[in-house]
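Below: one structure, written as structure tokens.
The values are calculated or read from the model by the stated rules, or taken from the named source; none is laboratory data. In this text, all values refer to a predicted model and were calculated from it rather than measured experimentally. Cβ atoms come from the backbone with ideal geometry, glycine included; neighbour counts cover every protein chain shown.
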Amino acid sequence: MQVVFLGTASCFPTANRGVSCIALRHEDGFVWLFDCGEGSQIQLQKSCIRPGKITKIFITHLHGDHLFGLPGLVATISTQCAVKPDFILEIYGPQGLRQFLRQSLVLSRTELPFKYQVHELMPESYQLPEDWENWRFDLSEERLHPQELQGTQISARNDVWTVIEQKNTKTSVLAGHNEHLRIPSYGFVVQEPDANGKLDVEKLKSLGVEPGPLYSQLKHGKDIVTPDGKVVKSNEVLGPPKKGRKITIMGDTCNSDKMIQIAMDSDALVHEATLENSMVENALEKGHSTPGMAASYAFAINAKLLLLTHFSQRYRQSNEEDGPRLEILQREAEEKLAELKHSKCSVVLAQDLLEVPLYRLST
């Protein structure tokens with residue numbers, strides 16, 4: 001599994017950084033996309049990700065730097081990629097996402113060679129800012145886009161939105177509330193199931209079991225009987241099980257305390273760090289976080305890896321003109337983790353097109 005950063009800038013793209021877009025590439029090659037800011041199509045062309053491998057898209061909130069690239073990406077998938085006739089592109093995000101995408105595709109008369117479906121996370125009352133009524137949009141049901149399937153409305157239960165349930169040992173996705181000014185914002189927790197350990201091939205050969213269908217049965221935890229009548233138990237030839245990976249990807253946030261329980265013990269935490277610690281008041285005023293806040297959250301959920309992203313344009317990369325450097329943000333996060341004595345958590349400063357592998361660990 002890999003986390004691939006396609007855009008790491010906040011607010012608007014720059015010459016060197018795109019806005020928010022993160023790809024999660026699974027071991028089967030399929031890709032889930034988290035946010036799709038303006039210009040994400042261009043970033044995809046530069047990356048190891050192929051649009052035709054994208055099967056699910058998750059939008060954290062409806063600000064343009066996380067959303068404006070979505071209609072174009074859907075159109076790109078339809079024109080550049082060969083898809084199976086029964087393919088359905090599943091899209092998840094806040095209430096209003098369905099109308100945004102539908103109107104964009106209808107007004108541009110965009111036809112798709114596949115079906116798509118938008119599932120909306122319904123906000124709780126505490127998520128809505130005081131001026132929400134001034135921005136109310138018409139949610140009356142309209143005629144679907146020709147290739148649109150009616151999506152579901154996902155309500156919270158105890159402040160948790162069950163986005164994808166784990167059925168038949170598939171990966172599950174939960175969502176939680178991120179406090180962000182002016183608009184509902186969510187974070188997503190991706191949880192893999194545990195996997196069986198590695199087969200001891202040498203031991204199997206010594207028992208007279210040659211590679212073939214019996215290996216598959218053992219790999220899936222089933223005992224077998226060899227052609228000569230020997231019973232081979234799977235737990236005798238399987239190594240230790242490998243723990244499923246857990247990845248938490250935050251939207252814009254200045255407080256994600258309501259997600260602590262579902263994000264606990266994450267293998268990787270993707271968290272914004274828009275402004276440095278000395279600018280914390282400015283960050284909070286705009287509903288954003290500092291590296292110290294991100295590190296404190298990594299400590300709170302016992303994360304093993306902290307991936308910082310969503311940087312203000314004021315921070316320069318080493319090959320750019322004079323100005324405060326991005327490395328300041330990494331150093332401040334590391335200093336906060338050291339202060340909290342959370343030494344087992346590493347900090348990575350994301351950059352566009354960075355690929356971060358996430359490995360399964362034995363239980």
Looking at the stretch 193-211, is at least one residue outside any loop (DSSP other than H, G, I, E, B), modelled with pLDDT under 80 and under 28 Å from F30 (Cβ atoms)? no
Counted residues, the stretch 120-152 - those being surrounded by 11 or more Cβ atoms within 10 Å (Cβ to Cβ) and small (G, A, S): 1
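Considering only the stretch 177-191, state which residues are closer than 26 Å to K242 by Cβ and either in contact (Cβ under 8 Å) with a residue 60 or more places away in the chain or touching a helix residue (DSSP H, G or I) at 6+ places or on another chain (Cβ under 7 Å) (or both).
Let us first name the residues in the stretch 177-191 that are closer than 26 Å to K242 by Cβ, namely 187-191.
Matches in the stretch 177-191: G187, F188, V189, V190.
If we keep just the residues of the stretch 1-25 that are polar (S, T, N, Q) and at pLDDT below 95, which is surrounded by the most Cβ atoms within 10 Å (Cβ to Cβ)? Before you say what the answer is, go through the steps one by one.
We begin by selecting, within the stretch 1-25, every residue polar (S, T, N, Q); these are 2, 8, 10, 14, 16, 20.
Restricting the remaining residues to those that are at pLDDT below 95 gives 10, 14, 16.
Numbers: S10: 25, T14: 16, N16: 14.
Looking at residues that are polar (S, T, N, Q) and at pLDDT below 95, I get S10.
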If you take the residues in the stretch 260-277 that are touching a helix residue (DSSP H, G or I) at 6+ places or on another chain (Cβ under 8 Å) and among the acidic types (D, E), which one is surrounded by the fewest Cβ atoms within 10 Å (Cβ to Cβ)? E276
Do you know which residues across the stretch 282-330 are within 17 Å of H342 (Cβ to Cβ), part of a loop (DSSP other than H, G, I, E, B) and aliphatic (A, V, I, L, M)? I301, A303
Which numbered condition in (1) at pLDDT 95 or above; (2) part of a loop (DSSP other than H, G, I, E, B) is the only one that V163 fails? (2)
Taking the stretch 31-50 and the residues there that are crowded, with 24+ Cβ neighbours inside 10 Å and among the small types (G, A, S), the one that is farthest from H310 (Cα to Cα) would be S40
Going through (1) of a type in the set (D, E); (2) free of Cβ contacts under 8 Å to residues at least 12 places away in the same chain; (3) buried (at least 21 other Cβ atoms within 10 Å of the Cβ) one by one, D28 fails only at (3)
Would you pick out the residues in the stretch 29-71 that are of a type in the set (D, E) and in a loop (DSSP other than H, G, I, E, B)? D35, E38
Give the number of residues within the stretch 227-249 that are in a loop (DSSP other than H, G, I, E, B), at pLDDT 80 or above and farther than 29 Å from E272 by Cα. 5
From the list S78, S104, which residue is part of a helix (DSSP H, G or I), in contact with a Phe, Trp or Tyr (Cβ under 8 Å, 6 or more places away or on another chain) and crowded, with 16+ Cβ neighbours inside 10 Å? S78
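Of the residues V225, V280, V270, only one is in contact with a strand residue (DSSP E or B) (Cβ under 7 Å, 6 or more places away or on another chain) and over 15 Å from F188 (Cβ atoms); which? Break it down into steps so the answer makes sense when it comes.
Values: V280 fails: in contact with a strand residue (DSSP E or B) (Cβ under 7 Å, 6 or more places away or on another chain); V270 fails: over 15 Å from F188 (Cβ atoms).
Just a single option satisfies the conditions, and that option is V225.
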Of the residues K233, K246, K258, which is of a type outside the set (A, V, I, L, M), free of Cβ contacts under 8 Å to residues at least 60 places away in the same chain and out of contact with any Ser or Thr (no Cβ under 8 Å at 6 or more places or on another chain)? K233
Only one of K84, K53 is buried (at least 16 other Cβ atoms within 10 Å of the Cβ), modelled with pLDDT under 95 and either aliphatic (A, V, I, L, M) or more than 20 Å from T8 (Cβ to Cβ) (or both), namely K53
